[in-house]
Amino acid sequence: MPVPDVVESFTGQVSRVTLGATKDKSGTRTSTITVGGAHNVVYGGSPADAGEKPVIAMDVIDARPQDWPDVLAEPYKDVLDSPGGWAKKCVTEFGADLICIKFDGIHPDKADRDSANAVKVTEEILKAVGVPLVLWGCGNDEKDNQVMPKVSEAAKGQNCLLAAAKEDNYKAITAVALADGHNLITEAPLDINIGKQINILVSDMGFPLERVIMFQDTGALGYGMEYSYSIQERQRLAALGGDKMMAMPIICDVGYETWRAKEAKLTDAPGWGDAKDRGPMWEAATAICLLQAGADIIRMRHPRAVAIVKNFINQIWQPISA
């Protein structure tokens, strides 16, 4: 006697968030991206429960990165000083769904560039590509509060994704996202309670929860990825259980975390295999694991890793959404 499939039902759903604004919405993007919408866990339920396919945002740094290993920098060697060219290469050659402008160059301990330079980079990338943008600060609260409002204003009307609102520094970024019509990333340090709290805080400021995407600090394979997976899985189960304050799509920063790991970047490691293969594989493995916990947007860096992960997404989600 055949055993019937067991399909667990959930009362909740992950909200859908659309990024980018085309000409009919007074923007200049040539395409939009919608993420979220899951009614069930990955691999669970009927095809209709899967929601939107996950997407990949490729990083473009506003200043030539000084800490990237050669194996990571090599694919971008001709565009590392040209943010617009870099973004265009990610889209046309590597298939990026989104471009994430990471404003590392404004950090006081790095290039310490000013808001004028950040605005110039933003405008250059807006002209170079038509995909939606993620605008991500440097992580220094004081500098982000100075620069990110200017960046947000430069991209006003483009329906970007602005990062990040944190428990101790959320008011400024939330206010400018509201004023300029952007979506918002809320950030927490791998703590589901803090994650929920920051969503409550931005909601109390009047920011619509249906325009929020959650970010929990991401760990790479071998460096806390299993904990990241666990927290992300708990977030998704809370959303599917009907918790409106957790019912947001999820973004993971795989590229940055992966390329901090010695296994990804170390070249003098006999017996570990060629770093040209090892690094991209480390990034791809991390991304694929987190996708299975429910990630909706994956930030990535190496084009070989992107190709592997896009192939995985197309194999798993395309038949579901067909």
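The values are calculated or read from the model by the stated rules, or taken from the named source; none is laboratory data. None of the values given here were measured: they were computed from a predicted structure. Backbone-built Cβ (ideal geometry, glycine too); neighbour counts: all protein chains shown. Calculation scope for accessible area: heavy atoms of the full protein, side chains included, ligands and nucleic acids excluded. Shrake-Rupley method; radii C 1.70, N 1.55, O 1.52, S 1.80 Å.
Working carefully through the options PRO208, PRO249, find the one that is at pLDDT 95 or above, more than 18 Å from ALA188 (Cα to Cα) and of a type outside the set (Val, Ile, Thr).
Within the list PRO208, PRO249, the selection yields PRO208.
In segment 98-107, how many are open to solvent by less than 10 Å² (accessible area, probe 1.4 Å), in contact with a Cys (Cβ under 7 Å, 6 or more places away or on another chain) and assigned to a helix (DSSP H, G or I)?
1
Does ALA295 count as on the phi < 0 side of the Ramachandran plot, open to solvent by less than 10 Å² (accessible area, probe 1.4 Å) and modelled with pLDDT under 95?
No: the conditions fail for ALA295.
Can we say THR258 is within 21 Å of ALA96 (Cβ to Cβ), touching an Asp or Glu at 6+ places or on another chain (Cβ under 6 Å) and in contact (Cβ under 8 Å) with a residue 24 or more places away in the chain?
It is true that THR258 is within 21 Å of ALA96 (Cβ to Cβ), touching an Asp or Glu at 6+ places or on another chain (Cβ under 6 Å) and in contact (Cβ under 8 Å) with a residue 24 or more places away in the chain.
Could you please find all residues in segment 34-54 being open to solvent by 30 Å² or more (accessible area, probe 1.4 Å) and either touching a strand residue (DSSP E or B) at 6+ places or on another chain (Cβ under 9 Å) or not polar (S, T, N, Q) (or both)?
Those that are open to solvent by 30 Å² or more (accessible area, probe 1.4 Å) and either touching a strand residue (DSSP E or B) at 6+ places or on another chain (Cβ under 9 Å) or not polar (S, T, N, Q) (or both): THR34, HIS39, VAL41, VAL42, TYR43, GLY45, PRO47, ALA48, ASP49, GLU52, LYS53.
What are the residues in segment 135-147 that are out of contact with any helix residue (DSSP H, G or I) (no Cβ under 6 Å at 6 or more places or on another chain) and crowded, with 24+ Cβ neighbours inside 10 Å, if any?
Within segment 135-147, just TRP136 meets the criteria.
Out of ARG29, ARG64, which single residue is open to solvent by 50 Å² or more (accessible area, probe 1.4 Å), of a type in the set (Lys, Arg) and either farther than 21 Å from VAL309 by Cα or not in a helix (DSSP H, G or I) (or both)?
ARG64
With respect to ASP168, is the statement that it is among the acidic types (Asp, Glu) and open to solvent by less than 50 Å² (accessible area, probe 1.4 Å) true?
In short, no.
Of the residues LYS89, LYS110, only one is open to solvent by 40 Å² or more (accessible area, probe 1.4 Å) and either part of a loop (DSSP other than H, G, I, E, B) or not hydroxyl-bearing (Ser, Thr, Tyr) (or both); which?
LYS110
With (1) surrounded by fewer than 20 Cβ atoms within 10 Å (Cβ to Cβ); (2) within 23 Å of GLU93 (Cα to Cα) as the list, and ALA284 as the residue in question, which single condition is left unmet?
For ALA284, the exception is condition (1).
Considering only segment 216-262, state which residues are over 22 Å from MET281 (Cα atoms), of a type in the set (A, V, I, L, M, F, W, C) and surrounded by fewer than 24 Cβ atoms within 10 Å (Cβ to Cβ).
ILE231, LEU237, ALA238, MET245, MET246
Answer yes or no: is there a residue in segment 87-95 that is farther than 20 Å from ASN314 by Cβ and modelled with pLDDT under 95.
No: segment 87-95 contains no residue that is farther than 20 Å from ASN314 by Cβ and modelled with pLDDT under 95.
Looking only at segment 194-229, count every residue that is small (Gly, Ala, Ser) and more than 11 Å from LEU290 (Cβ to Cβ) and tell me the total.
5
Which of the residues belonging to segment 193-215 are among the small types (Gly, Ala, Ser) and open to solvent by 30 Å² or more (accessible area, probe 1.4 Å)?
Hits for segment 193-215 are SER203, GLY206.
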